[in-house]
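We did not get these values from a lab; they are worked out from the coordinates using the rules stated. Bear in mind the structure is a predicted one, so any value in this text is a computation, not a measurement. Backbone-built Cβ (ideal geometry, glycine too); neighbour counts: all protein chains shown.
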Amino acid sequence: MRKLFSILSLVILASMVLAACGGAKAPTSVHGTLRVNVGAFPDIIDPQKSSFVGEIGHLNKMYEGLTKFNAKLETVPGAAESWTYSPDGTELTFTLRKNLKYSDGSLLNAERFRYSLLRNVNPATAGEYAAITDEILGAPEWRGCGEDVAACDAAKAVVETSLVASHANGDACTGYDDKSCNTFTVKLSKPAPYFHTVLALWVGYPAKQENIEAGGETWWLDPQYHTGNGPWMLSEMEQAVTTKFVSNPEYWGGEPYYDIEYSYITDSAVSFEAYKNDEFDVIASAGEDFGAIESDPDLKAQHVVYAGSCTIAIMFHQLKEPFTDQKVREAFAYALDRDAWVADVDSNLSLPTLTWIPPGYPGYKEGETRWGYDPEKALQAIAESSYGSVANLPEINVTFSDTARNRVRHEWIVAKWKDVFGPDLKIALNAVESTTYTALTKDIETAPSVFRLGWCADYPDPQNWLSVYWKTGGFGERIGYSNPEFDALVNAADVELDPAKRAELYQQAQDLFMDDAAVAMMYNTKNHYLVKPWVKGWSASPQDGLFPGDMDPTAMYIDETLLPAQ
Amino acid sequence: MTVTNQPIGTLKDSLLPNRRTSHSLGYDAWQRLIRNKAAVAGMFIIAFFVIVALFAPALSPYSPIEIHSGVKYLPPMWVKDFNGQSGQAEYILGTDTLGRDILSRVVYGARVSMIVGLVPTIIIVIIGTIIGMLAGYSGGKVDNLLMRLTDIVYAFPDLLFFIIVMVSLRDTFIGQMLNGLLLLFAALAIVNWVGVARLIRGQVLSLKEKEFVEAARCIGAKDLHIMFRHILPNSLSPLIVSIAFSIPGAIITEAILGYLGLGLRPSSDPKDIFITSWGSLLLDGQSAINAQPYLLLVPAVCVALVVLAFTFLGDGLRDALDPRMRGTQ
Amino acid sequence: MATYIIRRLLWLIPVLLVVSVITFILMKNTPGGPWDRDLEARQVDKRTQEILSEYYGLNKPLWRQYVAYVVGDFNKEGEFVWGLVAGNMGPSYRQRGRTVQDILFKAPVGKSFWFSRAGYSARLGLFALAIAIFVGIPIGIFAALGQNTWRDYLGLFIATAGISVPNFVMGIFLIIVFGSWLGLIRIVVKEWNSISVWIVPALVLGFNTTAYTARLTRSSMLEVLRQDYVRTARAKGLAERVVIFIHMLKNAMIPVVTILGPALAGLVTGSFIIETMFGFPGLGRAYVTAISQRDYSMILGTTIFYAILVALANLSVDLVYAFIDPRIKLHD
């Protein structure tokens, strides 16, 4: 079954490559530069240590994993041309493409991928996203071995045997210059039919061991050590000012049609001025500038808005008054007018939602209506609750991370709840500094009774939305959510090898979760960019990090005939 | 035109050679002050804003937190067609990002901003003056210790300090007072007195070696007397300038600290006294400069007017209190 | 004089100790830690947080962490690594792999110190300070000499604009005027190598100080103008007037010098708002970001650097006092 799937994706990839190369206007020799404002300068650009969207937006230009995502969020072959799961789903074997090379022309074989995953799991690396590969047999033990040297050595040995680079016939590889070393096998601690999708992430990017060792701790700052296998090569980096990538002629999929230049302006008003001045080709648009964009026909035509990768919800602490009572949670969910929110607060740069997994992602449930806006039902739910009336509710403190945008957002939420529940509702706003907010909301003890929080997809699989977040002990533990029935469903789904059955189990789990009204779903984010007309060939994907088409940037090009005369 | 040849307060009042009138010194000063047109204008502006602040509920057409759906980012009523929108007579100065009436918000903002501008400034001036005088006048070890203390406070990580104060005191009685403003005053005062202290100390260092201080010492004046009757009045000029600078500084800092959760609590009750401030309107306006530049203009003009008013009044006061200037205006 | 300077420099040690202890206590008591990341990103899971804390020794007792930071500690290989006393400001917890001194003072390969964060900030700050001195003081003199005339009011107008318009407003305004309308400057500076790209950020950074300098100069000048010897001198010949003018200016400079000292320290360590707005790679952004990220060693390192600058600036101010007014005694 798996194999069939991968062959199918190969076909899809092939058709995409054809479309990119065979298109009537697709350039062959044109070579422009895409100038993008990406906001904050990354803290660290190291495949096994990075974790921010902006950081990943740098890494995925220079490196490529065994698999990757296309614009439709399907997992397609990257450096590996195919993969298979063993019948019991606990072994995943990749076959690499032939003649893979780094941008410096050196050989890229399976040993390189083995090294990168070992480095990711190694507690000495202490990568912030290391936990994402915990399905590897022995990985959690090695990461968690602490000061116990014997335990560490034992766990390390297990992981070393769980990751196997070999020849196609199973012979062991001899090192980084072994040309026949094209097979990479990962042994998993349990069936994890989504793991090839996880390996599309940056943590599996094959950073070169020699470079990391030669460059020391700051190797990633120096272009000479960033030798990757991605479509671009780092050519210049001045921190907090600019980063330049040039196309990589050694890339197996063909050299991209353009170079990339990132700038780091974090003030959206300034970035907008620069865009209007033709100093950027792509910027993220800001809600504040929406009026100015809408009233200018040119800008309006350049404004690109499409579904994003996050779901934001109002979280109710299940163990704190008054949200211990499901009826109260229902009431506050009923009282949220998501459509008005999107129009009033978000300038239509978000999408109202009533479900957890966002549209475009596997597992999305269309037509969810539970706990949608209905003021009457809201009042009725309060009447049915153990409190009986709005006046009996204790004072509610809406806590939020204090930024200009958030202040407006929460003033709106509180005002609307007051509209629905009347003046008897005792509700106050509690603004806290942003990192304090993060610290408060991460712990079940300190998490406020009601706050706004969300989740953004790491990889397109329902496991990432349901098991990682809402399973007991997952990220949702902060609001005290724990439902054994839900846990049983997702546990079964996680190891299920039949895709249809697996999807069905996740669907049931999500339904069950929605029944509990643990949170009030609010909206899905949208990606919104201003894109100059000469940027061509991109296809939007919810998970685009820095610009539209970021998931599959090699198909893009700059139509220099449209560039303004200088 | 009579001009005394001595710096202010050099001689005891009773010894003043030319006792022109039987009025008290305060009365004289007041007379000189109200003859100064700029100072009077300043007083009027301040009085105007005080009245606006006191009667905000009566003066504002809407509740400052009332959200009007569908009319966000309206320009002022006299502006036709900006970003495809025209001003409406209902919203004289336009609306903000949630469709709230800007005029009402500016009117309410006067309350917070007038208080925030004045109270911390007064505290800062008092602490700074005392420490500055003490250090400058005593010299030696006292000076050295006090000035090393100012070095420390200068380098103080105030952002961290503010965050801690906010987190630990916010939910206590003190944190709730004046909608969180009291905490803000205290925090601002603790980190900002150093500038005034060093300014005064510099003046004192130079003044205490002057002849008239020598003279006062010779006739047996006490230290405290010399400090407050002779040296302080002659240090007024830089002090007045620094007060005029401290007011807008505090108004703007209030808004920036707002984003650390320190200071004004966001309000959801229109009956609250302190709801919004000019500073936060300025910050909203900066981020929305393309959508609605007027959002920025109105509070900026208000802050500038207050600063001008205090500058005029300060200059007037300084001149009025200076006997040498008697009769010059 | 020399003993005085040496004594003042020795005083730096207790000052820095107090500053570092206060900062250390404050930051360790601030809720959150370096692994509490932005909410749009995925949270770091608990086990990883523990591993990271262990890796950086953040689970040791506080006093040991402080001593380790200031004096030094043994690393995993058992070698002693000197701390702050030897100029090692510790590893950054967020820009992992880099030390604080490396982030602050190290320029990209092949470039001079002036291309490090501190170097950039120093250049911009000195530029802004030059504006404050060479524009602010003349405006103040100009205004004082024409008290209550149009010259005075012009000075007042500029100064009022300089203080009541916050720099985040001034910045975007100048960007729109010079960048978008007039097209004189590029909004996004990719190379900070020509004087023209520095002018606007330096203007915005220095505006407040310029205004303050102008107003202080004006008021002190007026004060001095009222002194009798000046009045007498003004009645005499021109040559005398020039002499007196210089003498007068010197006397009026005490308040100005007082504020310029700390202003220098403030300006050369940068401003978060201006650096954010102009995409300027300076210290201000690094510092504020470090605080919000709880990057402890970055916070301590930058605070101590700033404390040194402030102390040295104030020392220079005191030395300048003695030069301006020889009657002021330096206590030694």
**Q.** Cross-link partners of residue C:250 among aspartates and glutamates (Cα-Cα below 13 Å; sequence separation of 8 or more within a chain)
**A.** C:223, C:325
(Q) If I model region A:132-229 as equal point scatterers sitting on the Cα atoms and use the Debye formula, what is log10 I(q)/I(0) at q = 0.18, 0.23 Å⁻¹? (A) -1.13, -1.25
Q.
Could you tell me the relative contact order of chain B? Use alpha-carbon pairs under 8 Å, at least six residues apart, and round to a whole percent.
A. 28
Q. Between the helical axis of A:499-515 and the dominant principal axis of chain A, each derived from Cα atoms, what acute angle in degrees is found, rounded to the nearest 10?
A. 30
Q: Provide, for q = 0.10, 0.12, 0.18, 0.21 Å⁻¹, the log10 of I(q)/I(0) from a solvent-free Debye sum over equal Cα point scatterers in region B:56-166.
A: -0.57, -0.66, -0.92, -1.08
Q) Going from the alpha-carbon gyration tensor of the protein assembly as shown, what semi-axes, largest first and in whole Å, does one get by taking the root of 5 times each eigenvalue? A) 59, 35, 29
(Q) To make sure I understand, if each residue's beta carbon is the centre and we count other beta carbons within 10 Å, what order do A:226, A:167 fall in, fewest to most? (A) A:167, A:226
Q.
Nothing charged except the Cβ atoms of Lys and Arg (+1) and of Asp and Glu (-1): what's the magnitude of the dipole of region B:195-329 about its Cα centre? Round to the nearest 20 debye.
A. 480
Q: Calculate the mean, over all residues of peptide C:185-192, of how many other protein chain Cβ atoms lie within 10 angstrom of the residue's Cβ.
A: 6
Q: Starting from the Cα-Cα distance between residue A:154 and residue A:86, subtract it from 0.36 nm times their residue separation and give me the gain in nm to one decimal.
A: 21.9 nm
Q: Taking every Cα atom in region A:425-493, find the radius of gyration and the maximum pairwise distance Dmax, and write them in Å.
A: 14.3, 43
**Q.** For residues of A:401-411, the mean tally of beta carbons on other chains within 10 Å
**A.** 5
**Q.** Electrostatic dipole magnitude of region A:139-269 [Cβ: Lys, Arg +1; Asp, Glu -1; Cα centre; debye, to 20]
**A.** 600
Q. Rounded to the nearest 500, what is chain A's calculated 222 nm mean residue ellipticity when only DSSP H runs of at least 4 contribute -39500 (n - 2.57) each, over all residues?
A. -9500 deg cm²/dmol
Q.
Using the Cα centre of the protein assembly as shown as the reference point, and only Cβ charges (+1 on K/R, -1 on D/E), how large is the resulting charge dipole? Debye, rounded to the nearest 20.
A. 5480
Q: Starting from the Cα of residue B:228, step 7 Å along the direction of its Cβ; do the same at residue A:235; then give the gap between the two resulting points in nm.
A: 7.3
Q. Given only helices, namely DSSP H runs of n ≥ 4 each adding -39500 (n - 2.57), what is the per-residue ellipticity at 222 nm of chain C, to the nearest 500 deg cm²/dmol?
A. -21500 deg cm²/dmol
Q) Counting only residues 5 or more places away or on other chains, whose amide H sits under 5 Å from the amide H of residue A:188 once H atoms are built in the peptide plane? A) A:91, A:92, A:137
(Q) Using C-alpha positions alone, give me the convex hull volume of region C:104-167 per residue in cubic angstrom. (A) 83
Q) Between region A:417-433 and region A:34-106, what is the C-alpha centre distance in whole Å? A) 46
**Q.** Contact order relative to length of region A:361-469, as percent, for alpha carbon pairs under 8 angstrom and 6 or more apart
**A.** 32
Q | Cα centroid of region A:363-415 to Cα centroid of region C:261-332, whole Å | A | 47
Q.
As an exercise, take the mean of 1/r over every pair of distinct alpha carbons in region C:125-203, invert it, and state the Kirkwood radius in angstroms.
A. 14.2
**Q.** Signed unit charges on C-beta, dipole axis of region A:192-245, positive-most listed residue A:215, A:231, A:192
**A.** A:192
**Q.** Estimated FRET transfer efficiency (residue C:50, residue A:340; beta-carbon r; R0 35 Å; 0.05)
**A.** 0.20
Q. Given the pairs A:365/A:442; A:190/A:526; A:208/A:365; A:190/A:327; A:68/C:111; A:61/C:111, which span a C-alpha to C-alpha distance of over 30 angstrom in this model?
A. A:190/A:526; A:208/A:365; A:190/A:327; A:68/C:111
**Q.** Stokes-Einstein D (µm²/s) once Rh is taken as the Kirkwood radius of region A:217-303 over alpha-carbon pairs, at 25 °C in 0.890 mPa s
**A.** 161
Q: State, to one decimal in nm, how far the label point of residue B:90 lies from the label point of residue C:76, with both points 7 Å from Cα in the Cβ direction.
A: 6.6
(Q) Restricting things to Cα coordinates, could you compute the convex hull volume per residue of chain B in Å³? (A) 163
Q) Within straight cross-link reach of residue B:141, meaning Cα distance under 18 Å, which lysines are found once same-chain residues fewer than 8 apart are removed? A) B:208, C:329
Q: Sequence neighbours fewer than 8 away in the same chain don't count; with that in mind, list the aspartates and glutamates whose C-alpha is under 15 Å from residue A:72.
A: A:458, A:461, A:544, A:550, A:552
**Q.** Chain lengthening between residue A:515 and residue A:255 when straightened (0.36 nm per residue, less Cα-Cα)
**A.** 88.6 nm
Q. Separation between the residue A:189 and residue B:34 pseudo-spin-labels, each 7 Å from Cα along Cα→Cβ, expressed in nm?
A. 8.5
Q.
Students often get this wrong: which residues of region B:66-94 have the backbone nitrogen under 13 Å from the point 7 angstrom along Cα-to-C-beta of residue C:180?
A. B:83
**Q.** For chain A: rounded, prolate or oblate by the Cα gyration tensor [a/c cutoff 1.5]
**A.** oblate
**Q.** Peptide C:169-178 - average C-beta neighbours from other chains (10 Å radius)
**A.** 5
Q. What is region B:268-312 by shape, rounded, prolate or oblate, if you read a ≥ b ≥ c off the alpha carbon gyration tensor as root eigenvalues and call it rounded for a/c under 1.5, prolate for a/b larger than b/c, and oblate otherwise?
A. oblate
**Q.** Reciprocal of mean inverse Cα separation for region A:478-546 (Kirkwood radius, Å)
**A.** 15.6
(Q) Through the Karplus equation 6.51 cos²θ - 1.76 cosθ + 1.60, θ set to phi - 60°, convert the phi angles of region B:232-242 into ³J(HN,Hα) values in whole Hz; use x for Gly and Pro. (A) 4, x, 7, 9, 4, 3, x, 4, 5, 4, 6
(Q) Using a 10 Å cut-off around each Cβ, can you sort A:418, B:222, A:526 from fewest to most neighbouring Cβ atoms? (A) B:222, A:418, A:526
(Q) Among A:60, A:92, A:75, which residue has its Cα furthest toward the positive end of the charge dipole of region A:58-98, with +1 on Lys/Arg Cβ and -1 on Asp/Glu Cβ? (A) A:60
**Q.** Kirkwood hydrodynamic radius of chain C, from inverse mean 1/r over distinct Cα pairs, in Å
**A.** 22.8
Q. What is the sum of charges around residue B:128, taking Lys and Arg as +1, Asp and Glu as -1, for the other residues whose C-beta is under 13 Å from the C-beta of residue B:128?
A. +2
**Q.** Exceeding the 31 Å Cα-Cα cut-off - candidates A:416/A:536; A:320/A:471; A:471/A:536; A:320/B:271; C:28/C:106
**A.** A:416/A:536; A:471/A:536
